[in-house]
1. Given (1) under 30 Å from Thr160 (Cα atoms); (2) surrounded by fewer than 16 Cβ atoms within 10 Å (Cβ to Cβ); (3) modelled with pLDDT of 95 or more, identify the lone condition not met by Gly42.
2. Pick from the stretch 332-357 the residues that are surrounded by fewer than 22 Cβ atoms within 10 Å (Cβ to Cβ) and more than 11 Å from ligand 2 (Cβ to nearest atom): which of them is farthest from Glu149 (Cα to Cα)?
3. Pick out the one residue from Gly143, Gly170 that is away from ligand 1 (no atom under 16 Å from the Cβ), surrounded by fewer than 16 Cβ atoms within 10 Å (Cβ to Cβ), at pLDDT below 95 and of a type outside the set (A, V, I, L, M).
4. Identify, by number, the condition in (1) more than 24 Å from Glu374 (Cα to Cα); (2) surrounded by fewer than 17 Cβ atoms within 10 Å (Cβ to Cβ); (3) within 16 Å of ligand 1 (Cβ to nearest atom) that Ile124 doesn't meet.
5. Working only within the stretch 100-120, note down all residues that are within 11 Å of Ala35 (Cβ to Cβ), of a type outside the set (Ser, Thr, Tyr) and in contact (Cβ under 8 Å) with a residue 24 or more places away in the chain.
6. Kindly indicate whether Ser277 is outside any strand (DSSP E or B), assigned by TED's automatic domain parsing to the domain that holds Phe318, away from ligand 1 (no atom under 16 Å from the Cβ) and free of Cβ contacts under 8 Å to residues at least 24 places away in the same chain.
7. Could you tell me whether any residue of the stretch 203-215 is buried (at least 21 other Cβ atoms within 10 Å of the Cβ), in contact with a His (Cβ under 6 Å, 6 or more places away or on another chain) and closer than 30 Å to Ser30 by Cα?
8. Considering only residues that are surrounded by 24 or more Cβ atoms within 10 Å (Cβ to Cβ) and either of a type in the set (D, E, K, R) or in a helix (DSSP H, G or I) (or both), which ones fall in the stretch 359-373?
Amino acid sequence: MNKAKLIIILILLAFTANSKNIRVGLFGSSSQTKADVFYKVGRYEFFSESKNFTIISKRGDKISFVASSNKVNAYLNGIKVGENTWFRLNKRSDKNSLEVSNGSKKKEVMGNLVIYSIGGKLKIVNEISIDSYVEGVIKGEAGYGYSLEYYKVQAVISRTYALHHQKHKGEGFELCDHTHCQVYDGVNTKQEIKQAVIATSEEVLVDSSMNFINTLFHSNCGGQTITTDMVWSKRLACMESINDTFCTHSSQANWKKTISKSSWVRFLSQKTNKSSSYFNSINLDFNQTQRKEYYLVGTSKVRLTEVRKNFKLKSTFFSVHVVGDKVVFIGKGYGHGVGLCQEGGIVMAKTHTYQEVLHHYYKDVSIMPISKVEYYKLF
Ligand SMILES: [Zn+2]
Ligand SMILES: [Zn+2]
């Protein structure tokens, strides 16, 4: 066993995480070597694998951590307190928060902190209840200004996503706080977000085998969602193509982009290995009233995802019209089109419950508390 693996095992042993807690690596994939932690609210026990240092409870208290190979040096208010494999700050009061800074970014978080080093890079892990984490994700991913019912939709989706995607387990935590996993923006003070998380506490979406589903979402489907195999390669259950009338008047419902006909012909020629003269002699118009997977003209076909990527289009739900020496894309929606359509969900949640919204966009799913899922999994 190599040293880094051993360290992660030691750190995992030091954790008290369970399915209702989650460990979030702060500052994404940043490779910081130093961090400062500032006291904000509550009481914290500060300790390492070999020693209890003190209780942190005073305004102005600051602990600095500096990585050195696979160990960490800690300084309390400028005075060195030790060099250890890991350090922890465990909350000892219900109201609590700390501000963490890695020099370029800072974040206020509730819950516990664990600090350790792998190969001279400092890892700062926030161990937090899953519901507090979900509040910070809604703040980071959806932002402010939505209805309570829509925040409930977002709460169930974010909670399920967190349990489905545990991409960082090999590093000693489950998720990072960046778009790579979900944007987690730390302490939330918005009352509607708090209420939505409490109202849906511990609720997740599972398929018929009690697996947490991959709760994919996008900005606007343009009136029809699509299956995963039309965007990537594998067909995922619970993500069927549905017609959506809720999003068609929203801000991302329609778009238009014009390019030169010559660049379009050049692209088609490259993708199909046919000469430019072939495309100059046929009708290049293409209509999409229902979603398709391929652009088809003559005997040629190009996957719409490739067109979208190459011309940086908002979606694959577009028609193509040749106007003189230009090609005009008339498009609908924004994003990959799989799973929840956020703008549709926002409109639907004005007149429907969050459960109805979830069942509209995700098919053959059940909404249930995590503890019930765990119970069913025993059998
Ligand atoms: Zn990540
Ligand atoms: Zn939609």
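The values are calculated or read from the model by the stated rules, or taken from the named source; none is laboratory data. These numbers come from a predicted model, not from an experiment. Ideal geometry is used to build each Cβ from the backbone, glycine not excepted, and the neighbour counts take in all protein chains shown.
1. The failed condition is (2).
2. His336
3. Gly143
4. Just one mismatch for Ile124, condition (2).
5. Correct list: Val100, Asn102, Gly103, Lys105, Lys107, Leu113, Ile115.
6. Against the criterion (outside any strand (DSSP E or B), assigned by TED's automatic domain parsing to the domain that holds Phe318, away from ligand 1 (no atom under 16 Å from the Cβ) and free of Cβ contacts under 8 Å to residues at least 24 places away in the same chain), Ser277 qualifies.
7. Within the stretch 203-215, not a single residue is buried (at least 21 other Cβ atoms within 10 Å of the Cβ), in contact with a His (Cβ under 6 Å, 6 or more places away or on another chain) and closer than 30 Å to Ser30 by Cα.
8. If the condition is that a residue be surrounded by 24 or more Cβ atoms within 10 Å (Cβ to Cβ) and either of a type in the set (D, E, K, R) or in a helix (DSSP H, G or I) (or both), then Tyr361 is the only one that fits.
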